[in-house]
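The values are calculated or read from the model by the stated rules, or taken from the named source; none is laboratory data. On a predicted model such as this, the values are computed, not experimentally measured, just so you know. We place every Cβ from the backbone using ideal geometry, glycine too, and count neighbours over all the protein chains shown.
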Amino acid sequence: MRRLLFSALLALPTLLAALPAQSQLPASGSLAVVVNARCGVAVLTRNEVINIFFGRYRLFFNGREAQPADLEDSHPLRGQFYRRLVGKDVSEINAYWSRQIFSGRMQALPKVATPEEMSKWVVANPCGIGFVEQGRVDARFNIVHELAP
């Protein structure tokens with residue numbers, strides 16, 4: 001038993017080295033809802049963000065068409081976003097969208113695979129809107145809403 005415990009302790013540094021680096025793990029800091037800086041939108045309320053990401057609003061208050069994007073289901077940042085925004089997990093969000101699509105009321109939001117692709121989407125679309133970690137925001141974006149942990 002002692003030999004087994006001793007062997008496990010010796011193997012611990014190797015096991016820890018195999019874990020992903022901290023920078024590869026999803027951030028637990030603030031999430032920023034961002035729009036393309038050229039869109040002319042400076043701030044959105046929580047309800048406006050909810051209505052855009054749930055397909056209920058198609059236009060910003062300035063009359064320009066909102067072009068939201070979502071992350072793939074498997075990305076952990078997507079779960080964090082919806083948990084902070086509406087207190088629901090990914091399966092509940094997917095069930096909502098399944099009902100909307102099946103009834104013919106709406107089409108699902110376009111999905112991107114990574115936060116980098118989300119940033120590219122927002123920049124590439126005149127009124128693109130998405131969510132990223134606060135640290136990814138630069139001059140190409142306007143932060144319109146923040147979601148604290």
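You will find that of Asn51, Asn36, the residue that is modelled with pLDDT of 95 or more, of a type in the set (S, T, N, Q) and in contact with a helix residue (DSSP H, G or I) (Cβ under 7 Å, 6 or more places away or on another chain) is Asn36 and no other. Filtering the range 37-81 to residues that are closer than 21 Å to Pro115 by Cα, without any contact (Cβ under 8 Å) to a residue 24 or more places away in the chain and not charged (D, E, K, R) leaves Ser74, Gly79. Go through the range 73-109 residue by residue and tally those that are under 26 Å from Val41 (Cβ atoms) and surrounded by 13 or more Cβ atoms within 10 Å (Cβ to Cβ). Of the residues in the range 73-109, 18 are under 26 Å from Val41 (Cβ atoms) and surrounded by 13 or more Cβ atoms within 10 Å (Cβ to Cβ). The residue that is farthest from the chain's Cα centre (by Cα), counting only those in the range 65-74 that are assigned to a loop (DSSP other than H, G, I, E, B) and modelled with pLDDT of 95 or more, is Ala66.
If you filter the range 30-64 down to residues that are surrounded by 17 or more Cβ atoms within 10 Å (Cβ to Cβ), of a type in the set (A, V, I, L, M) and farther than 22 Å from Ser98 by Cα, you find that the one that is farthest from the chain's Cα centre (by Cα) is Val41.
The set of residues in the range 98-138 that are touching a helix residue (DSSP H, G or I) at 6+ places or on another chain (Cβ under 9 Å) and acidic (Asp, Glu) comprises Glu116, Glu133, Asp138. Inspection of the range 98-117 finds no residue satisfying the criterion of being in contact (Cβ under 8 Å) with a residue 60 or more places away in the chain, touching a His at 6+ places or on another chain (Cβ under 9 Å) and of a type in the set (A, V, I, L, M, F, W, C). On the stretch given as the range 90-137, residues that are farther than 17 Å from Arg56 by Cα, in a helix (DSSP H, G or I) and hydrophobic (A, V, I, L, M, F, W, C) total 6.
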